[in-house]
Amino acid sequence: MGPPAPRTYRAIYLQNAYVQLLVLPELGGRILRWTDLTTGRQLAYANPVIKPTRWGIRGWWLATGGIEWAFPSEEHGLNEYRPWQFERLADGVRVWDTDDRTGLMVEVTLRLDSEHNYVTVLPRITNPTGEARPFQFWANAMLALGDGNAPSPGLVFVLPDDAVTVHSTGDGNLPGPGGTMAWPVHNGRDFSRYAEWRHYLGVFANPAPAGFVAAYDVASDQGVVRTFPHPVARGVKLFCLGALDPGLWTDDGSRYFELWGGLTATFWEYATLQPGGTISWSERWYPVSGVGGLTWANEHAAIRLTPAGDRAEVALVTTKAQAATVVLRRGGAEVQRWQAIIAPGQPFRAEGGPAAGGGEWGVQLWAGDTLVAQMGP
């Protein structure tokens, strides 16, 4: 083996008015670049080098950036470095590989329609062998979101859960692997704030009780949302590098965090596929900007609701352009409503109230007579 040298890879671009994806079939079928065209911001961490690290169950792993498909084992899997086969589709691309060890076939179809800013991710695992096979599947998004190809101290995580399970950590004040932490505040520390992750730490949802997870960098006013069928795809993991030396994974000092979505709840749990069996599901990932943070999301919209006494601020952005009605509620009663044109990169923001009486605040989003999003009562 010689010194590092440039290498050319075949790239497949998917693009509409809102986002652009660059897929590399020859490097694990990964999404290497994910750009929010409404802001011009690169969402995925862009490592300038392909550099083996000491992590992963092989003893090495390529921290290339983007979104990788980890299969058929825990951690980063065993196939992220391999060339995958691919097929161009009218609205996307399908990538697939057959694992040498298990004989299982893994495929991921990526679809990007003309109306929405989300990419639909469709994993599918098939067992063509004559024996039952254990496996795991995870999508690992290595993200930056902030300026300078790195997260900023303004990054926050939105995980609708009250506890998480520690996978690994270098923080001696936290529970060890398998231990439980309260979420988001544990022993007075708010781990929804990236700035609180002082040492490397990975945590699993315990398990994911809702169908979304998000990260939002308030400093850059840019975030991402993953929506998923949580009764099927139960895994959510967050990982931050803390004070680890960037030289372990790159040559330019850049940093990233990881947002994972998996079929199983943790790396300690394997699914089993019977001979001839298949499992598949659909999830959606999309960028969010211009709302100053978020508190709730589904595949149609991301919402930030900030109460302040008898008034509340509402910020909302949709995954497609539409004429909509936004309704602010408190205690199940309507406080105020607005008509608006909302689109990716064109959020709605307003302050409503005052609201007589008390009770929990809520927001509804209507498209004509159809309720497409509701947070709270």
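Within the stretch 35-44, does at least one residue satisfy the condition of being surrounded by fewer than 19 Cβ atoms within 10 Å (Cβ to Cβ) and of a type outside the set (S, T, N, Q)?
yes
Does GLU107 satisfy the condition of being in contact with a Ser or Thr (Cβ under 9 Å, 6 or more places away or on another chain), crowded, with 19+ Cβ neighbours inside 10 Å and not small (Gly, Ala, Ser)?
yes
Return a yes/no flag: does the stretch 48-59 have any residue that is over 22 Å from VAL121 (Cα atoms) and crowded, with 18+ Cβ neighbours inside 10 Å.
Yes: one or more hits.
Can you find, within the stretch 221-240, the residue that is surrounded by the most Cβ atoms within 10 Å (Cβ to Cβ) among those that are assigned to a loop (DSSP other than H, G, I, E, B) and of a type outside the set (Phe, Trp, Tyr)?
Among those that are assigned to a loop (DSSP other than H, G, I, E, B) and of a type outside the set (Phe, Trp, Tyr), it is ALA233.
In the set GLU74, GLU115, GLU131, GLU87, which member is closer than 25 Å to PHE257 by Cβ and open to solvent by 10 Å² or more (accessible area, probe 1.4 Å)?
GLU74
Here are the criteria: (1) in contact with an Asp or Glu (Cβ under 8 Å, 6 or more places away or on another chain); (2) surrounded by fewer than 22 Cβ atoms within 10 Å (Cβ to Cβ). Tell me which single one THR98 does not satisfy.
Against the list (1) in contact with an Asp or Glu (Cβ under 8 Å, 6 or more places away or on another chain); (2) surrounded by fewer than 22 Cβ atoms within 10 Å (Cβ to Cβ), THR98 comes up short only on (1).
Would you check which residues across the stretch 258-276 are within 16 Å of the chain's Cα centre (by Cα) and among the small types (Gly, Ala, Ser) and list them?
Result: GLY261, GLY262, ALA265.
Which numbered condition trips up ARG33, out of (1) under 20 Å from PHE239 (Cα atoms); (2) assigned to a loop (DSSP other than H, G, I, E, B); (3) modelled with pLDDT of 95 or more?
The number of the failed condition is (2).
Could you list, ordered by first residue, the pairs with Cβ atoms under 9 Å in which the first is in the stretch 157-171 and hydrophobic (A, V, I, L, M, F, W, C) and the second is open to solvent by 30 Å² or more (accessible area, probe 1.4 Å) and outside any loop (DSSP other than H, G, I, E, B), at least 6 apart or interchain?
These pairs meet every condition: PHE157/ARG193; PHE157/TYR194; VAL158/TRP296; ALA163/THR180; ALA163/ALA182; VAL164/THR180; VAL164/ALA182; VAL166/THR180.
Taking the condition buried (at least 20 other Cβ atoms within 10 Å of the Cβ), in contact with a strand residue (DSSP E or B) (Cβ under 7 Å, 6 or more places away or on another chain), in a strand (DSSP E or B) and free of Cβ contacts under 8 Å to residues at least 60 places away in the same chain, does ALA355 pass?
Answer is no for this residue.
Tell me which of these ALA195 doesn't satisfy, since it passes every other one: (1) part of a loop (DSSP other than H, G, I, E, B); (2) open to solvent by 30 Å² or more (accessible area, probe 1.4 Å); (3) under 20 Å from ALA141 (Cα atoms); (4) not hydroxyl-bearing (Ser, Thr, Tyr).
(1)
What single numbered condition from (1) at pLDDT 95 or above; (2) under 24 Å from PRO287 (Cα atoms) fails to hold for PHE71?
In the conditions (1) at pLDDT 95 or above; (2) under 24 Å from PRO287 (Cα atoms), PHE71 misses (2) alone.
Do any strands (runs of 3 or more DSSP E) entirely within the stretch 95-144 hold 3 or more residues that are without any contact (Cβ under 8 Å) to a residue 40 or more places away in the chain, and if so, which?
105-111
Would you check which residues across the stretch 358-368 are modelled with pLDDT of 95 or more, surrounded by fewer than 17 Cβ atoms within 10 Å (Cβ to Cβ) and either more than 30 Å from ASP36 (Cα to Cα) or aliphatic (A, V, I, L, M) (or both) and list them?
Result: GLU360, single match.
Would you check if PRO175 is open to solvent by 10 Å² or more (accessible area, probe 1.4 Å), closer than 25 Å to ASN298 by Cβ and not in a strand (DSSP E or B)?
no
Enumerate the pairs (first residue in the stretch 302-319 and among the acidic types (Asp, Glu); second residue anywhere and assigned to a strand (DSSP E or B) and modelled with pLDDT of 95 or more) with beta-carbon separation below 6 Å, excluding pairs fewer than 6 apart on the same chain, so at least 6 apart or on different chains.
Here the result reads GLU313/THR306; GLU313/GLU351, each pair linking the stretch 302-319 to a residue that is assigned to a strand (DSSP E or B) and modelled with pLDDT of 95 or more.
For the stretch 198-220, name all the residues that are under 11 Å from GLY293 (Cβ atoms) and buried (at least 23 other Cβ atoms within 10 Å of the Cβ).
ALA214, ALA215, TYR216, ASP217, listed by residue number.
The values are calculated or read from the model by the stated rules, or taken from the named source; none is laboratory data. Computed from a prediction, not measured in an experiment: that's the story for all the values here. Using ideal geometry, Cβ is built from the backbone for each residue, glycine included, and neighbour counts are taken over all protein chains shown. Please note that ligands, DNA and RNA were not included when accessible areas were found on the heavy atoms of the full protein model with its side chains. Shrake-Rupley method; radii C 1.70, N 1.55, O 1.52, S 1.80 Å.
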